[in-house]
Amino acid sequence: MLIGTIVTFINLLIFALIVGGLIYLFVLLVKTLRKYLKAEPIRKEKAETARTLGEILKAHRAACKMTQEFVAEALGVSRQAVSKWESGASDPSTANLIAIAELYGVSAEEILRKVRKEE
């Protein structure tokens with residue numbers, strides 16, 4: 001009788017540990033999901049601000065109210081080259097990127113920092 005009671009107690013203890021573990025996992029899952037859902041606006045903002053180099057160059061040019069022709073003349077390149085940089089068909093050389101940054105009144109590092117990492 002005593003052995004049967006001990007076995008029953010051990011079985012109840014194991015059952016309680018399993019149920020407690022499942023409840024703990026459920027609580028962790030709920031916390032994780034809540035954190036993920038709260039971070040959605042942040043993920044969305046990052047996705048919106050993550051842009052290509054061309055998009056960034058075009059945005060800076062537009063903010064400075066410059067035309068592609070003006071930028072091309074200032075850098076000594078063709079308007080088509082500026083258009084290719086902004087469309088992403090090609091990238092400016094390092095020297096041209098530095099000159100563009102100076103023309104737009106920002107640093108080349110600031111421009112490159114905004115570029116989306118390729119996945």
Original post:
Lys/Arg Cβ at +1, Asp/Glu Cβ at -1, dipole of segment 1-92 taken about the Cα centre: which of Thr52, Ala89, Ile10 is farthest positive-ward?
Top reply: Ile10
**OP:** Mind putting a number on the dipole of segment 23-72 about its Cα centre? Charges go on the C-beta only, +1 for Lys and Arg and -1 for Asp and Glu, and I need it in Debye to the nearest 20.
**Re:** 280
Subject >> Difference of contour (0.36 nm per residue) and Cα-Cα distance, Cys64 to Thr8 >> reply: 12.2 nm
Original post:
Dipole of the chain, Cα-centred, from +1 at each Lys and Arg C-beta and -1 at each Asp and Glu C-beta, to the nearest 20 debye?
Top reply: 520
Original post:
Rounded to the nearest whole Å², what accessible area per residue is found for segment 30-119 with the 1.4 Å probe?
Top reply: 72
Original post:
For segment 1-89, which whole percent of the accessible surface, found with a 1.4 angstrom probe, sits on carbon and sulfur atoms?
Top reply: 69
Subject >> Separation in nanometres of the label points that stand 7 Å from Cα toward Cβ, at Phe15 and Ala74 >> reply: 7.8
Original post:
Looking at segment 1-94, which trypsin sites (Lys or Arg not before Pro) are in a loop (DSSP not H, G, I, E or B) and have at most 11 other Cβ atoms within 10 Å?
Top reply: Lys65
Original post:
Which residue, Leu12, Leu29, Leu37, tops the fluctuation ranking in a GNM of the chain built on C-alpha contacts under 10 Å?
Top reply: Leu12
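Hey, with R₀ at 35 Å, roughly what FRET efficiency would Ser87 and Leu22 work out to, going by the Cβ-Cβ distance, to 0.05?
After rounding, the FRET efficiency stands at 0.05.
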Original post:
Per residue, how much space in cubic angstrom lies within the convex hull of the C-alpha atoms of the chain?
Top reply: 137
Subject >> 25 Å Cα-Cα reach of Lys44 towards lysines, excluding residues that sit fewer than 8 places from it in its own chain >> reply: Lys31, Lys35, Lys58, Lys114, Lys117
Original post:
Assuming a viscosity of 0.692 mPa s and a temperature of 37 °C, what translational diffusion coefficient in µm² per second does Stokes-Einstein assign to segment 41-90, Rh being the Kirkwood radius over Cα pairs?
Top reply: 281
Subject >> Longest to shortest principal axis, alpha-carbon extents of segment 1-59, angstrom >> reply: 85, 17, 5
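The values are calculated or read from the model by the stated rules, or taken from the named source; none is laboratory data. All figures in this text were calculated on a predicted structure; none of them were measured in a lab. Methodologically, a virtual Cβ is constructed for each residue, glycine included, from the backbone with ideal geometry; neighbour enumeration extends over all protein chains shown. Protein only, heavy atoms only, side chains kept; ligands, DNA and RNA dropped before computing areas. Shrake-Rupley method; radii C 1.70, N 1.55, O 1.52, S 1.80 Å.
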